[in-house]
């Protein structure tokens with residue numbers, strides 16, 4: 001589902017990103033970026049290129065940090081194959097036309113898997129009443145909504161979050177995911193999942209990182225729709241917070 005544009009995100013390396021972990025170079029843009037923000041491509045035994053979202057596949061790998069639209073152009077014009085041939089030091093590199101689609105599917109699945117893991121661990125809440133109680137008691141660290149969530153329900157939870165965070169009068173609000181409730185319900189194994197709340201700071205960051213990487217790849221037209229004026233990052237952030245953080 002396509003949603004209104006957010007502000008464009010950049011993959012330019014900052015001091016904060018460099019401190020977050022290993023840095024890798026995008027084979028297409030040449031930018032050096034924190035590895036967690038990039039996508040690894042693995043070379044199969046037959047020379048075919050596959051997305052390696054968790055960066056655990058054996059053998060040689062190369063990293064990309066551009067969005068889907070740019071990648072589609074690079075695939076169509078042969079730029080990606082050329083860059084990977086140099087990176088892998090091999091002319092036996094096969095880039096299939098559906099690689100961008102497979103990357104998007106893998107990133108989306110990884111984000112949903114992350115939500116499922118947090119649900120099993122007890123750090124993710126569903127249901128308006130539970131989320132509102134956590135929000136008003138100051139225990140909420142991230143808030144998300146299904147694409148088909150009702151406006152009044154989102155406003156109610158946002159107000160509870162602001163009260164619990166001592167940020168009344170601010171623009172702190174949850175974000176609408178480009179996923180409808182049927183998909184979220186299936187991913188979490190629960191019925192009628194419309195709203196999601198994370199009550200653990202570390203869990204909120206893990207989910208935010210997974211969502212950010214997916215949404216950065218699919219581009220601003222398909223990324224999260226802000227329910228307020230906090231367009232950067234995968235959750236609504238207090239003023240002054242880093243875009244990739246999800247805690248308040």
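What follows is calculated from the coordinates using simple rules that are stated; it is not laboratory data. On a predicted model such as this, the values are computed, not experimentally measured, just so you know.
Find how much the distance from residue 185 to residue 86 grows on full extension, using 0.36 nm per residue of separation minus their present alpha carbon separation; answer in nm with one decimal. Don't skip to the end; give the middle numbers.
Values: separation 99, 0.36 × 99 = 35.64 nm, distance 4.34 nm.
This chain segment gains 31.3 nm when fully extended.
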For the range 102-226, averaging the sequence separation of alpha carbon pairs under 8 Å that lie six or more residues apart and dividing by its residue count, the contact order in percent is 36
